[in-house]
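Only one structure is covered here, and it is reproduced in the block below.
The values are calculated or read from the model by the stated rules, or taken from the named source; none is laboratory data. Please read all numbers here as calculations on a predicted model, not as lab measurements. Using ideal geometry, Cβ is built from the backbone for each residue, glycine included, and neighbour counts are taken over all protein chains shown.
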Amino acid sequence: MDFENLDIKLKDLPDFKTVELNSIQKRYKKLLWLNTAALFVILYALPVVGFFINGIPRWISICVIGLVSVIFIFRVIELEKGFPIKKFGIRQYDMIYQSGFFHYTETVVPYNRIQHVEIKQGPLSRLFSLYSLRLYTAGASSGDLIIDGLDKSTAQKLKAKVLDKTTEVDVTD
């Protein structure tokens, strides 16, 4: 058998941008805001407490409050501008997920690389009835693709679709 590695013209490549992407649940944004608020309450509390401790110069607390405020502003922008970008798509051979405003990422995971699929729900997610779909491929322990903010029905349908596609690929190999 001869080895072939033929050229592919750029115009002949499929454009995955044409896939209709689905938005995640809007109530996931509330969960993100809750997490952000809790984190920044703690981050603001530490320098405020330091402001009243005699051994710590006040300028340090003021600088830390200023730095936390700048980080908070960037986080707010990321939440507001980045949330509408969080979308996923399903194609015949792979799944697509995009997210991020400042750090935009677009992940495409082929079904034939997926080894494990799971649906997770944390304690705060349970309050909002939200789930996460995690797709694992070889060599990754934290999940190669994590889609947060799904309702139960969507998460289960996606899991079934992925399992169906990975079984289909295994049978044909």
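Under 8 Å between Cβ atoms, which residue pairs at least 6 apart in sequence (or on different chains) link something in segment 56-77 that is in the same structural domain as L46 (by TED's automatic domain parsing) with a partner that is of a type outside the set (A, V, I, L, M) and loosely packed, with under 13 Cβ neighbours inside 10 Å?
Matching pairs, first to second residue: F74/F102; I77/F102.
Here are some residues: K11, K29. Which one is under 15 Å from the mean Cα position of the chain (by Cα) and among the charged types (D, E, K, R)?
Testing whether each residue is under 15 Å from the mean Cα position of the chain (by Cα) and among the charged types (D, E, K, R) leaves just K29.
Residues in segment 139-150: is at least one more than 14 Å from L32 (Cα to Cα), surrounded by 12 or more Cβ atoms within 10 Å (Cβ to Cβ), not aliphatic (A, V, I, L, M) and not assigned by TED's automatic domain parsing to the domain that holds T167?
No, every residue in segment 139-150 fails to be more than 14 Å from L32 (Cα to Cα), surrounded by 12 or more Cβ atoms within 10 Å (Cβ to Cβ), not aliphatic (A, V, I, L, M) and not assigned by TED's automatic domain parsing to the domain that holds T167.
Can you name the residue in segment 80-107 that is within 13 Å of the chain's Cα centre (by Cα), within 22 Å of A155 (Cβ to Cβ) and hydrophobic (A, V, I, L, M, F, W, C) and, of all such residues, is modelled with the lowest pLDDT?
It comes out as I96.
State which residue is surrounded by the fewest Cβ atoms within 10 Å (Cβ to Cβ) when the search covers only segment 19-37 and only residues that are of a type in the set (S, T, Y) and within 27 Å of V108 (Cβ to Cβ).
The qualifying residue surrounded by the fewest Cβ atoms within 10 Å (Cβ to Cβ) is S23.
For segment 92-114, which positions are free of Cβ contacts under 8 Å to residues at least 40 places away in the same chain and of a type in the set (S, T, N, Q)?
Q92, S99, T105, T107
Please go through segment 109-126 and pick out each residue that is among the aliphatic types (A, V, I, L, M), within 26 Å of T36 (Cβ to Cβ) and surrounded by 14 or more Cβ atoms within 10 Å (Cβ to Cβ).
Just the residues of segment 109-126 that are among the aliphatic types (A, V, I, L, M), to begin with: 109, 114, 117, 119, 124.
From what's left, within 26 Å of T36 (Cβ to Cβ): 119, 124.
Answer for segment 109-126, where residues must be among the aliphatic types (A, V, I, L, M), within 26 Å of T36 (Cβ to Cβ) and surrounded by 14 or more Cβ atoms within 10 Å (Cβ to Cβ): just I119.
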